[in-house]
1. Taking TRP40 as the residue in question, decide whether it is farther than 21 Å from VAL183 by Cβ and free of Cβ contacts under 8 Å to residues at least 40 places away in the same chain.
2. With the requirement that a residue be in contact (Cβ under 8 Å) with a residue 60 or more places away in the chain, hydroxyl-bearing (Ser, Thr, Tyr) and open to solvent by less than 50 Å² (accessible area, probe 1.4 Å), what does region 118-155 give you?
3. Take the residues in region 157-197 that are outside any strand (DSSP E or B) and open to solvent by less than 20 Å² (accessible area, probe 1.4 Å); name whichever of them is nearest to ASP50 (Cα to Cα).
4. For region 27-67, what are the residues that are among the small types (Gly, Ala, Ser) and farther than 22 Å from THR210 by Cβ?
5. Just to be sure I understand, how many residues within region 107-117 are part of a loop (DSSP other than H, G, I, E, B) and open to solvent by less than 80 Å² (accessible area, probe 1.4 Å)?
6. Within region 54-93, which residues are of a type in the set (D, E, K, R), under 17 Å from the mean Cα position of the chain (by Cα) and surrounded by 12 or more Cβ atoms within 10 Å (Cβ to Cβ)?
7. Against the conditions (1) under 25 Å from THR149 (Cβ atoms); (2) of a type in the set (A, V, I, L, M, F, W, C); (3) modelled with pLDDT of 95 or more, where does LEU118 fall short? Just the number, please.
Amino acid sequence: MNRGDTAASASAVRRRRVRFEGWIAGVGTSSGTRVVLGHWQQSPLGAFSDVMLERADGERLLLAPTRETAEFIGATYVFDTVRVVPVRVDVSARTWTVTAGSLELCFVTGRRGPLGLLLRAVPRALARRPAWSALTDWPARILLRGVRTRGSARTGRREWYGARDLRPIRLMSASFEGVDLGVTAPVEPPVRFGFGSVPRKPALTRVTTTVALGAE
């Protein structure tokens, strides 16, 4: 293989990487249901939000706003049930209000702790680099049980997470299918949608997610 072929091959690999810029909120409830919100302001699918739930009995559900987003997320993570429903997120100061089909969720974030302040100092360009996510994987495992910043996904895909902010979630109310999910609780056991979970303590994380698509 000559240099031209090598460069073309490397370029093809780069073209297969897509990025999502936004926020991930993870919260547990006293009913045992754990909820993960993805609020993506920039992505190859446009701006959108989605919700992943894992019930106390282990059922994993995806609530996605379009068939296209459901197919992409479903090809990356593992679910038992996928529903295409309207997903709306309203943010007012520190209060987030989420409606996704029969899910009603509201939570309030608190002040950043030392880790959040440290992540705020990470440049956006650095957070976008898979090498940075690889470097921070072990510290993340130690500081935030269940969290991974890189790993393998479905259909031959790989993922890297570059965090740029972290806020605790202090208050939460939620109901699903008309049933109150209870009060805020740790995300325990960890959710099982992919190779890693969200922080055990309910939190809102600003993140750049890079997905390397499998060979076509």
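The values are calculated or read from the model by the stated rules, or taken from the named source; none is laboratory data. Just so we're clear, the structure is a prediction, and the values are computed from it rather than from any experiment. Ideal geometry is used to build each Cβ from the backbone, glycine not excepted, and the neighbour counts take in all protein chains shown. Each accessible area value is taken on the protein alone, full model and side chains, heavy atoms only, with ligands, DNA and RNA left out. Shrake-Rupley method; radii C 1.70, N 1.55, O 1.52, S 1.80 Å.
1. Details: farther than 21 Å from VAL183 by Cβ: yes; free of Cβ contacts under 8 Å to residues at least 40 places away in the same chain: yes.
For TRP40, the condition - farther than 21 Å from VAL183 by Cβ and free of Cβ contacts under 8 Å to residues at least 40 places away in the same chain - is met.
2. Within region 118-155, the first condition is being in contact (Cβ under 8 Å) with a residue 60 or more places away in the chain, and the residues that meet it are 119, 124, 127-128, 130, 133, 153-155.
Subsequent filtering for residues that are hydroxyl-bearing (Ser, Thr, Tyr) retains 133, 155.
Passing the criteria: only SER133.
3. Just the residues of region 157-197 that are outside any strand (DSSP E or B), to begin with: 157, 177-178, 181-183, 186-197.
Applying the additional criterion that residues be open to solvent by less than 20 Å² (accessible area, probe 1.4 Å) yields 181, 187, 191, 193, 197.
Working: LEU181: 19, VAL187: 18, VAL191: 15, PHE193: 13, SER197: 16 Å.
Once the filter is applied, the top-ranked residue is PHE193.
4. Just the residues of region 27-67 that are among the small types (Gly, Ala, Ser), to begin with: 28, 30-32, 38, 43, 46-47, 49, 56, 58, 64.
Once the filter is applied, which keeps residues that are among the small types (Gly, Ala, Ser) and farther than 22 Å from THR210 by Cβ, region 27-67 yields GLY28, SER30, SER31, GLY32, ALA56, GLY58.
5. Here is the first cut: in region 107-117, the residues part of a loop (DSSP other than H, G, I, E, B) are 110-113.
Pick out the ones that are also open to solvent by less than 80 Å² (accessible area, probe 1.4 Å) and you get 110, 112-113.
Residues flagged as part of a loop (DSSP other than H, G, I, E, B) and open to solvent by less than 80 Å² (accessible area, probe 1.4 Å) within region 107-117 amount to 3.
6. Step one: of region 54-93, the residues of a type in the set (D, E, K, R) are 54-55, 57, 59-60, 67-68, 71, 80, 83, 88, 90.
Subsequent filtering for residues that are under 17 Å from the mean Cα position of the chain (by Cα) retains 54, 60, 71, 88.
Scanning region 54-93 gives GLU54, ARG60, GLU71.
7. Condition (3) is where LEU118 drops out.
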